[in-house]
1. How high is the FRET efficiency from Ala47 to Ser3, r the C-beta distance, R0 25 Å, rounded to 0.05?
2. Rank these for me by crowding, Ser60, Ser76, going from fewest to most other beta carbons within 10 Å.
3. In whole percent, what relative contact order does the chain give with Cα contacts below 8 Å and a gap of six or more residues?
4. What does the charge count around Thr108 come to, taking other residues whose C-beta lies under 14 Å from its C-beta (Lys +1, Arg +1, Asp -1, Glu -1)?
5. Over all directions, how big on average is the projection of the convex hull of the alpha-carbon atoms in segment 42-116, in square nanometres?
6. Calculate for the chain the 222 nm mean residue ellipticity that helices alone would give, adding -39,500 (n - 2.57) per DSSP H run of length 4 or more and normalising by residue count, nearest 500 deg cm²/dmol.
7. In what sequence do Ser81, Ser127 fall when counting other Cβ within 10 Å, fewest first?
Amino acid sequence: MPSMDTALVEALKRMRANWPARGWSWDSRLNCITSSFAGEFEPKARAAAAEALPHRFTASTLATAPARIRDVVERSGGLRSSQIALVGGNPSSILVYGLWWPWNDQATISLRVGICDLDMMQEPYPSFRAIFGVTD
């Protein structure tokens, strides 16, 4: 399995450093890391996420996303009108995704971040989790 390139690792570190909300945790349902935060932090969270996940797809543009991203979105239940799929990395190698999900209460947002097509125990997943301080 290829490793994450230095630019992607540094972008993920900047994302974590600039993240405006409390810590990250493991989402065992989707096998990725997650952070939920108050809507008031949305502009700062969007800016931080853009560091590592600069490409964004909505329900209406998802068809133009890489197939691996479409698969992740489909397995997670699809995209509703207010949800966004974010993408960073290299489509031919390590591809990192983010699922930006506003809650129904309109006061909370979750971002779930993972690596496409990679078991959570395979490198570089453990290194990725370490960047965000998530151990399990």
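1. Given R0 = 25 Å and the Cβ-Cβ separation, E is 0.40.
2. In order of increasing Cβ crowding within 10 Å: Ser60, Ser76.
3. 30
4. -1
5. Averaged projected area of segment 42-116's Cα convex hull equals 4.7 nm².
6. The helix-only estimate for the chain comes to -8500 deg cm²/dmol at 222 nm.
7. Result, fewest neighbours first: Ser81, Ser127.
Coordinate-derived values only; no laboratory data. What you see is a predicted model; the values in this text were computed from it and never measured. Here Cβ is always computed from backbone atoms with ideal geometry, including for glycine, and neighbour counts include all displayed protein chains.
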